[in-house]
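K.L.:
Take a look at the following structure, please.
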Amino acid sequence: MAGAGNDFIVIDAQKGLTYKSLAKKVCDRTNGIGADGLIILDKSKKKQDYRMRIINADGSEAEMCGNGARCLAAYIVKTKAPKKKIFSIETLAGEVLGEAKGEIANIRLSDPTDHQADMVIHVSSRTWKVQYIDTGVPHAVIFVEDPEKINVQVFGKAIRNHQKFRPRGTNVNFVAFENNTLVTARTYERGVEDETKACGTGSVACALIGYLQTHPYTSNKKGAQMRVRTRGGEILQVTFDLIDDRITNVWLKGSAKFICEGTYYIK
């Protein structure tokens, strides 16, 4: 499946599989199927309707994945016939709500945490002003004049591993405004260890920080909106509420496409 160009292999949970080693093999774009990550649909161990696990291509397990959760929501609607229009999904980052119609999926993320504004770090002989926020996974948001002129592989990797973000590391987003309601973003993703065509939690981070930048005196707003143009070209929609300067009720909407299905032989 692919969500805004972020691609995943989606499977139902099975006993006897070592998911981390499986992810490395199946996500390999030369000797496997090829994907940014492996998503496992499982039974919730808590009170949610379903459970999602996301294993990155390098075998590391992520707390959450926005585009992955959207793909899983569409997969659930297509294959499991859920009784609820909006259902709950357990993740390591907390509860996610999901709904889907065809190949359009909408998810509500857990509330963002640890917002740190105007951090200054020094990397690769340059000084960077970083806006940091955890939208289920950690994200550094950096505003630049033109993301197309940024060497995302070099600078993204260096910032991702900066001591300020240890031990977890961070995803790194280079962002620019197209207008007051639309930003364009390029993202270096930890776990993939490369730039991806899209990042769901990264798009949310860029949207939230972008809105705060353009509305510095707004502390209460229901249904705030910001759109994000991804590297793959799709525009994702982010809506949320601001309540006494606290961000809550964050929704991410965009495509969740079914590419193919088949059999993978484990050796």
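K.L.:
Which FRET efficiency value, to the nearest 0.05, do you get for Lys257 and Asn179 by plugging their Cβ-Cβ distance into 1/(1 + (r/R0)^6) with R0 = 30 Å? Walk me through the intermediate numbers first.
P.N.:
Details: r = 27 Å, r/R0 = 0.91.
For R0 = 30 Å, the calculated efficiency reads 0.65.
K.L.:
Under the definition of Cα pairs under 8 Å and six or more residues apart, what whole-number percent is the relative contact order of the stretch 2-108? Walk me through the numbers before you get to the answer.
P.N.:
On the way: 210 pairs, mean separation 24.4, N = 107.
It comes to 23 percent, rounded to a whole number.
K.L.:
Which far-off residues, 5 or more places away or on another chain, put their amide H under 5 Å from the one on Asp36, with H placed in the peptide plane?
P.N.:
Asp7, Phe8
K.L.:
In percent, what relative contact order does the stretch 113-253 have, based on Cα pairs under 8 Å that are 6 or more apart in sequence?
P.N.:
Values: 302 pairs, mean separation 23.6, N = 141.
Relative CO of the stretch 113-253 lands at 17 percent.
K.L.:
Here's another thing I want to ask about it. List the pair-distance distribution P(r) of the stretch 2-108, using every Cα-Cα distance, as the percent of pairs falling in each 10 Å bin from 0 up to the bin containing the longest distance, rounded to whole percents.
P.N.:
16, 50, 30, 4
K.L.:
Can you list the aspartates and glutamates whose alpha carbon is less than 20 Å from that of Lys83, not counting same-chain residues fewer than 8 positions off?
P.N.:
Asp12, Asp42, Asp49, Glu95, Glu99, Glu103
K.L.:
Based only on other Cβ atoms within 10 Å, what is the fewest-to-most ordering of Lys221, Lys46?
P.N.:
Working: Lys221 13, Lys46 8.
Ascending Cβ contact count within 10 Å gives the list Lys46, Lys221.
K.L.:
For every other residue with a beta carbon closer than 13 angstrom to the beta carbon of Thr239, add +1 if it is Lys or Arg and -1 if Asp or Glu, then tell me the sum. Could the numbers behind the result be given before it?
P.N.:
On the way: positive: Arg108, Lys221, Lys222, Arg227, Lys253; negative: Asp241.
Around Thr239, the charge tally is +4.
K.L.:
How big is the chain on each of its three principal axes, counting only the C-alpha atoms and giving the largest first in Å?
P.N.:
49, 40, 31
K.L.:
Considering only DSSP beta bridges whose two residues both sit in the stretch 2-108, what percent are antiparallel, to the nearest 5?
P.N.:
Numbers: 20 of 27 bridges.
Looking only at bridges with both residues in the stretch 2-108, the antiparallel portion is about 75 percent.
K.L.:
Ignoring everything except DSSP H segments at least 4 long, calculate the 222 nm mean residue ellipticity for the chain; use -39,500 (n - 2.57) per segment, divide by total residues, nearest 500.
P.N.:
On the way: 4 runs with 46 residues, N = 267.
Theoretical 222 nm ellipticity from helices: -5500 deg cm²/dmol.
K.L.:
If R₀ is 25 angstrom, what is the calculated FRET efficiency for the pair His122 and Asp146, using the beta carbon separation as r and rounding to 0.05?
P.N.:
Numbers: r = 22 Å, r/R0 = 0.87.
Computed FRET efficiency for His122 and Asp146 comes out at 0.70.
K.L.:
Hey, another quick one. Note down the nm distance, to one decimal, between modelled labels 7 Å out along Cα→Cβ at Asp42 and at Asp241.
P.N.:
3.2
K.L.:
Continuing with the same structure: Which order do the peptides 185-193, 88-96, 110-118, 149-157 take when ranked by the mean count of other beta-carbon atoms within 10 Å per residue, highest first? All intermediate terms of the calculation are to be shown ahead of the outcome.
P.N.:
Details: 185-193: 24.3, 88-96: 19.6, 110-118: 14.1, 149-157: 16.1.
So the order, starting with the most tightly packed, is 185-193, 88-96, 149-157, 110-118.
K.L.:
On to the next question. What is the distance in Å between the Cα centres of the stretch 96-150 and the stretch 13-92?
P.N.:
Here the two parts' Cα centres lie 21 Å apart.
K.L.:
Using the C-alpha gyration tensor of the stretch 119-267, what are the square roots of 5 times its eigenvalues, in whole angstrom, with the largest one first? Numbers along the way, then the final one.
P.N.:
Working: eigenvalues 121, 96, 44 Å².
Over the Cα atoms of the stretch 119-267, the ellipsoid semi-axes are 25, 22, 15 Å.
K.L.:
Structure shown: which of Lys85/Lys221; Lys129/Lys221; Lys24/Lys267; Lys24/Lys78 lie over 19 Å apart, alpha-carbon to alpha-carbon?
P.N.:
Working: Lys85/Lys221 26 Å; Lys129/Lys221 27 Å; Lys24/Lys267 13 Å; Lys24/Lys78 27 Å.
Check vs 19 Å cut-off fails for Lys85/Lys221; Lys129/Lys221; Lys24/Lys78.
K.L.:
Output needed for the stretch 8-57: three equivalent-ellipsoid semi-axes, defined as square roots of 5 times the C-alpha gyration tensor eigenvalues, in descending order, whole Å. Walk me through the numbers on the way to the answer.
P.N.:
Numbers: eigenvalues 99, 22, 11 Å².
For the stretch 8-57, the ellipsoid semi-axes come out as 22, 10, 7 Å.
K.L.:
Okay, moving on. What does DSSP give for the chain in terms of the percent of beta bridges that are antiparallel, rounded to the nearest 5? Can you show the working numbers first?
P.N.:
Working: 60 of 75 bridges.
Expressed as a percentage, antiparallel bridges in the chain total about 80.
Bear in mind these aren't lab numbers, they're just calculated from the coordinates by the rules spelled out. Because the structure is predicted, anything quoted here is derived from the model rather than measured. Cβ atoms come from the backbone with ideal geometry, glycine included; neighbour counts cover every protein chain shown.
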